[in-house]
Structures are given as structure tokens and as C-alpha cells.
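Computed from the coordinates by the stated procedures, all read-outs in this text should not be read as laboratory data. Worth saying up front: this structure is predicted, and the values here are computed from it rather than measured. Glycine also receives a Cβ, built like all others from the backbone with ideal geometry; neighbour counts cover every protein chain displayed.
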Amino acid sequence: MKKVEVKEVGIGSFASRRSFLKLSGLTIAGTGLLLAGCSSDDDGGTPDSGQLPGVRNGKFDLGGGDLGILTYAYALEQLEADFYTRVVNGNQFGSIFNSEEQAVLVDLYRHEVIHREFFKAALTGALEDDARVLPSLEFAYDSVNFNNRASVLGTAKALEDTGVKAYNGAGRYIENADYLLIAGKIVSVEARHAAAIRELIDPGTAAFAGNDVVDANGLDKAERPSMVIPQVAALDFIQTPFTANYLP
């Protein structure tokens with residue numbers, strides 16, 4: 001597979017949006033040490049060891065409590081990072097997307113890799129046991145044609161919209177204020193990703209904030225993990241089995 005050199009390219013009319021996307025991603029990268037430095041009992045509490053992430057009955061379970069929610073987010077970020085890595089390294093990436101679109105997608109790729117590595121480092125530090133950190137997942141995209149613009153953007157839209165409602169739905173269950181702050185920062189970036197993808201699909205329309213993702217109260221939709229995980233599983237992208245028996 002031909003590897004595309006990931007670098008800044010012509011940005012044209014996307015200049016303002018891309019600048020904001022880039023700054024958002026770097027802001028998240030800069031906060032990485034905060035969460036990585038937080039232990040599970042920073043707020044005076046100790047998580048139920050029976051709900052920590054880890055292998056149970058031969059499968060990795062995401063666990064419960066704050067660390068379970070963060071592990072859940074890590075699984076989603078692994079998926080998004082892997083998808084965009086394949087997009088920007090696709091043989092036809094430079095053919096099916098113009099330079100402005102490539103620049104946007106490369107920024108999204110960079111952000112998702114930052115998010116993935118951030119959660120990996122954070123959970124490694126917080127759990128203090130590598131066996132309890134979700135391993136690298138395996139992925140397959142049999143239903144995606146990476147040489148087709150509509151297929152790539154349609155999949156990106158599904159992943160970004162799902163990511164936003166996943167963070168929004170899980171945030172209510174986070175008890176540690178530091179963890180909640182970081183989740184809030186990341187979901188704001190994910191929402192910008194979702195808007196950017198929708199703009200690429202339907203430029204110049206209101207699709208970036210369509211009523212399929214923004215409710216009557218002007219809020220992004222939110223769904224708890226037990227609702228999101230089956231939706232992600234139905235995509236059949238994640239090939240590594242895991243359970244989520246302790247998540248709401």
C-alpha cells in the first residue's frame with residue numbers, strides 16, 4: 001500500500017476551520033500529563049477491584065467506574081485512529097480527495113492518533129498494571145471501499161457522530177472531576193470533526209448541525225455505553241472480542 005506523506009498541504013477555503021481543528025488537537029495533547037498523573041484514588045476513593053478493566057472468562061472486559069469509562073473511550077479512539085490511518089495511507093487518497101479535503105482528513109487523523117495514545121498512556125499510569133490496559137485491537141473494514149470518496153466519508157460520518165454521542169452519554173457517569181474535564185475537551189474536538197466531515201459531504205448546507213445529531217433543545221445527542229457498543233459492533237470493524245459487563 002502506498003504511504004502518503006502526512007504534511008501540511010494547500011488549505012484554501014478550509015483555512016479557518018483547519019486552524020481551529022489543529023489548535024484543538026494540540027490542546028488535548030498538552031493536557032495528557034494531567035490525566036496520566038491522576039491515580040484512581042486522587043479524589044479519596046478507591047475503585048472496586050472487581051470492576052477494574054481486565055481479562056475475565058478469557059475475554060477482556062472494559063471494566064466499570066471511571067476507569068471503565070476511560071477504557072471504553074480508548075477502544076473507540078483506537079477504532080477512529082486506525083480508520084483514519086488507513087484513509088490517509090490509501091492508494092487513492094490523493095486522487096479521490098482534493099488538496100483541501102486531504103488537509104482536513106490529515107488533521108483528523110493526527111487528532112485521533114493523539115487521542116488514542118493519550119488514553120493508552122493515561123490508563124497505563126492510572127491502572128499501574130499493563131494487564132489491565134486494553135490491548136491494541138484488531139480491525140477489518142470489509143464494507144468500506146477506501147478508494148471511494150462516498151464510502152470513506154460516509155464511514156467517517158458514522159464514526160464521528162457515534163463518538164460524540166458516546167462521550168456525551170458516558171460523561172454523566174464520570175465521578176473524577178479531572179477525568180470529566182479531559183473528556184469534555186476531547187468531545188468538543190470530536191464534535192468539530194463530525195461537523196467537518198458533514199461539511200465535506202454536504203458543503204454550504206446546515207448538515208453540519210443537522211437535526212439527526214442536534215436535538216430540539218440545541219444539544220448534541222447522548223447515548224450510554226450499553227447503547228453505543230452494539231451500534232459499533234454492528235459495523236463489524238472491531239475484530240477483537242471484548243465485553244462491557246460493568247458499564248451503564
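Remark: region 193-201, residue by residue, has Karplus-estimated 3J(HN,Hα) of 4, 4, 5, 5, 5, 5, 5, 5, 6 Hz, where x stands for each Gly or Pro and the curve is 6.51 cos²θ - 1.76 cosθ + 1.60 at θ = phi - 60°. Each of S188 and N91 was given a label point 7 Å from its Cα along the Cα-to-Cβ line. The distance between the two points is 4.2 nm. Simple spin-label estimate for S226 and R172 gives 1.3 nm between the two label positions (7 Å along the Cα-to-Cβ direction from each Cα). If you keep only loop residues by DSSP, which chymotrypsin sites (Phe, Trp or Tyr not before Pro) in region 135-202 have at most 11 other Cβ atoms within 10 Å of their Cβ? Taking region 135-202 and a limit of 11 other Cβ atoms within 10 Å, no loop chymotrypsin sites (Phe, Trp or Tyr not before Pro) are found.
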